[in-house]
Amino acid sequence: MFSASFSLNPAFTIAPVSRRTFGSFVEHMGRCVYTGIYEPGHPTADSDGFRRDVLDLVRELGVSVVRYPGGNFVSGYRWEDGIGPVADRPVRRDLAWHSLETNEVGIDEFMRWADKAGVEVMYAVNLGTRGVQEALDVHEYLNHPDRTRLAELRRANGAEKPYGVKMFCLGNEMDGPWQTGHKTAREYGRLAVETARALRSAEPGLELVACGSSGSSMPTFAAWESEVLELTYDAVDYISAHAYYEPVDGDMASFLASAVDMDHFVHSVVSTADSVAARLKSRKRLNISFDEWNVWYLRDFEARRDTGSADWQVAPRVIEDCYTVADAVVVGGLLISLLRNSDRVTAACQAQLVNVIAPIRTEPGGPAWRQTIFHPFAITSRLARGEVLRVATRCPTYETARFGAVPALDAVATHDAGSGDVTVFVVNRHQSQPAALTVPVTGFGAGLRVAESWTLADDDLLAVNTEQAPDRVVVRPADDAEVSDGVLRATLPPVSWTAIRLSPA
Ligand code: AHR
């Protein structure tokens, strides 16, 4: 057992919790859409063909915004294929995932689904094979009220009112050589700024996201952001960031510290954006849209990809990673990092929502269930309210191959001045020792008591939830968490994620 503590003070705020931190991502990829959110004929399907069992889980997950329709898919997508009578819609090749897109689900269906799920839509336009005109066209279809050809087409297709989409992503991962229509930073920056200016002329209040790097290990990382932002700075509001984590060669110590890498990634992008602002003598500050993040066993996928297993099928099973207890603890840690960086990361999307590296899994004609990673996301989204508080932990460190010495404990807290609730989110990354946590909470005035507490931990770090055992891994109350004499005390098991909500007594 090791001792760990941190102080909390309501005055030490970072930023308000942005609801958009709890975003997700639906790409036309694998079984995310077909047999994921949409499966006419399924016993729970509603009159639009959407699975009600999945909709219930999406609401329980607490998702705020959903990025759509890709991902790599969007860089070859023609949005017009997905509108009008379904029988007239073409089947197309999707080069990104080597599969067939039937276009049964398009903009109008997805917007209906988003309405039922109670989520905002972040719409990505195709800047791979397409450009300014097509971005304007899809915007006109989505958001223009009436009288124009595409607004009237939307109304004829059943959507009387404009959808009012606010956030638009200007392409996807355009720095990646795998991207259809991959571009240099200069080529992309020019196209992105022209698209942004045109979209702003159509609707000034839009929030626009320029593509940052596909990952911090890209050879062009930071140089890409710098050159793209030199060209787009005044025209956009966000720069995107994407990061996927996995245990490499069984290195669990480094994997558990993935949030260290996410913090570093955010600080690097913020410094790069701010240095462009300095060069441009701009007082404007860009935020980060961390619009793809998760655990992804990418090396397994790359190793299998060469076999050509996904051979022009409709909705093949692609990257349906089955998540472990360790993965859930890492996801809890990544959410802590996103909250800690709330002053600059004001939107984030876990990639993806259903089946494809997702917190929700389904079987066609069968059940839907929660993966291990569902739990920290759902609880963090529900409990993180008010202001994010700065937390400096005092605890031992441990050695990692990737990041050197890292603190065994990682934490963040939120304070809701309205209700008086204080919630702490903590990860114990130590692989063999529990942590004895103490947190003085007298700074919040009236006495606080533990209102609820949840821990995710298991003796078997590789335990997973499956169709046969969907609740093998769940969260349990953190039994010994209590406040006495103005101090919160709790024991945190090795490799665990914990959330404790304190309320005024
Ligand atoms: O989320 C899976 C893929 O990862 C997305 O399509 C792409 O943007 C990223 O490389």
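Data for the structure
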| quantity | calculated |
| --- | --- |
| Qualifying residues in the stretch 344-369 (those that are part of a loop (DSSP other than H, G, I, E, B) and within 13 Å of the ligand (Cβ to nearest atom)) - the one surrounded by the most Cβ atoms within 10 Å (Cβ to Cβ) | Leu353 |
| Strands (runs of 3 or more DSSP E) fully within the stretch 370-438 counting 2 or more residues that are touching a residue at least 40 places away in the same chain (Cβ under 8 Å) and either of a type in the set (Gly, Ala, Ser) or open to solvent by 30 Å² or more (accessible area, probe 1.4 Å) (or both) | 397-400, 409-415 |
| Unique match (being under 23 Å from Ser217 (Cβ atoms), within 14 Å of the ligand (Cβ to nearest atom) and not charged (D, E, K, R)) among Val295, Val276, Val269 | Val295 |
| Residue match in the stretch 325-343 (condition: surrounded by fewer than 19 Cβ atoms within 10 Å (Cβ to Cβ) and either outside any strand (DSSP E or B) or without any contact (Cβ under 8 Å) to a residue 12 or more places away in the chain (or both)) | yes |
| Residue tally, condition touching a Gly at 6+ places or on another chain (Cβ under 8 Å), within 16 Å of the ligand (Cβ to nearest atom) and among the charged types (D, E, K, R), over the stretch 94-124 | 1 |
| Selection count, the stretch 413-442, where residues are in contact with a Leu (Cβ under 6 Å, 6 or more places away or on another chain) and farther than 29 Å from Asp251 by Cα | 5 |
| Within the stretch 228-286, tally of residues that are of a type in the set (A, V, I, L, M), assigned to a helix (DSSP H, G or I) and closer than 22 Å to Arg200 by Cα | 8 |
| Candidate set: the stretch 54-91, residues that are surrounded by fewer than 19 Cβ atoms within 10 Å (Cβ to Cβ) and of a type in the set (D, E, K, R); chosen: the one farthest from the ligand (Cβ to nearest atom) | Asp88 |
| Residue match in the stretch 189-204 (condition: in a strand (DSSP E or B), of a type outside the set (A, V, I, L, M) and either under 20 Å from Thr346 (Cβ atoms) or touching a strand residue (DSSP E or B) at 6+ places or on another chain (Cβ under 6 Å) (or both)) | no |
| Options Asp249, Asp311; residue that is more than 16 Å from the ligand (Cβ to nearest atom), in contact (Cβ under 8 Å) with a residue 60 or more places away in the chain, closer than 30 Å to Ala96 by Cβ and surrounded by fewer than 20 Cβ atoms within 10 Å (Cβ to Cβ) | Asp311 |
| Among the residues listed as Ser3, Ser24, the single one being assigned to a strand (DSSP E or B), within 16 Å of the ligand (Cβ to nearest atom) and small (Gly, Ala, Ser) | Ser24 |
| Any pair with Cβ under 6 angstrom, 6 or more apart, that starts in the stretch 234-245 at a residue that is in contact (Cβ under 8 Å) with a residue 60 or more places away in the chain and within 14 Å of Ala124 (Cβ to Cβ) and ends at one that is β-branched (Val, Ile, Thr) and open to solvent by less than 10 Å² (accessible area, probe 1.4 Å) | Tyr238/Val209; Ser240/Val209 |
| Within the stretch 223-245, considering residues that are in contact with a Gly (Cβ under 6 Å, 6 or more places away or on another chain) and of a type in the set (Ser, Thr, Tyr), the one surrounded by the most Cβ atoms within 10 Å (Cβ to Cβ) | Ser240 |
| Filter result for Asp261 (within 19 Å of Leu462 (Cβ to Cβ) and more than 16 Å from the ligand (Cβ to nearest atom)) | no |
| Test: residue in the stretch 176-188 that is touching a strand residue (DSSP E or B) at 6+ places or on another chain (Cβ under 7 Å) and within 19 Å of Arg78 (Cβ to Cβ) | no |
| Among (1) open to solvent by 50 Å² or more (accessible area, probe 1.4 Å); (2) out of contact with any helix residue (DSSP H, G or I) (no Cβ under 8 Å at 6 or more places or on another chain); (3) within 16 Å of the ligand (Cβ to nearest atom); (4) of a type in the set (S, T, N, Q) - the single one Ser214 does not satisfy | (1) |
| Subset of the stretch 479-505 (residues that are open to solvent by 10 Å² or more (accessible area, probe 1.4 Å) and either among the hydrophobic types (A, V, I, L, M, F, W, C) or not in a strand (DSSP E or B) (or both)) | Asp479, Asp480, Ala481, Val483, Asp485, Gly486, Val487, Pro493, Pro494, Ala505 |
| Number of positions in the stretch 18-59 that are within 19 Å of Pro316 (Cβ to Cβ) and of a type in the set (S, T, N, Q) | 1 |
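Residue-by-condition table, conditions (1) of a type in the set (Phe, Trp, Tyr); (2) surrounded by 22 or more Cβ atoms within 10 Å (Cβ to Cβ); (3) within 28 Å of Phe73 (Cβ to Cβ):
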position: Ser3; (1), (2), (3): no, no, no
position: Phe25; (1), (2), (3): yes, yes, yes
position: His28; (1), (2), (3): no, yes, yes
position: Cys32; (1), (2), (3): no, yes, yes
position: Gly36; (1), (2), (3): no, yes, yes
position: Pro43; (1), (2), (3): no, no, no
position: Gly49; (1), (2), (3): no, no, yes
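The values are calculated or read from the model by the stated rules, or taken from the named source; none is laboratory data. What you are looking at is a predicted structure, and each value in this text was computed from that prediction instead of being measured. Reconstructed Cβ throughout: ideal geometry from the backbone, glycine too, with neighbour counts over all protein chains shown. Each accessible area value is taken on the protein alone, full model and side chains, heavy atoms only, with ligands, DNA and RNA left out. Shrake-Rupley method; radii C 1.70, N 1.55, O 1.52, S 1.80 Å.
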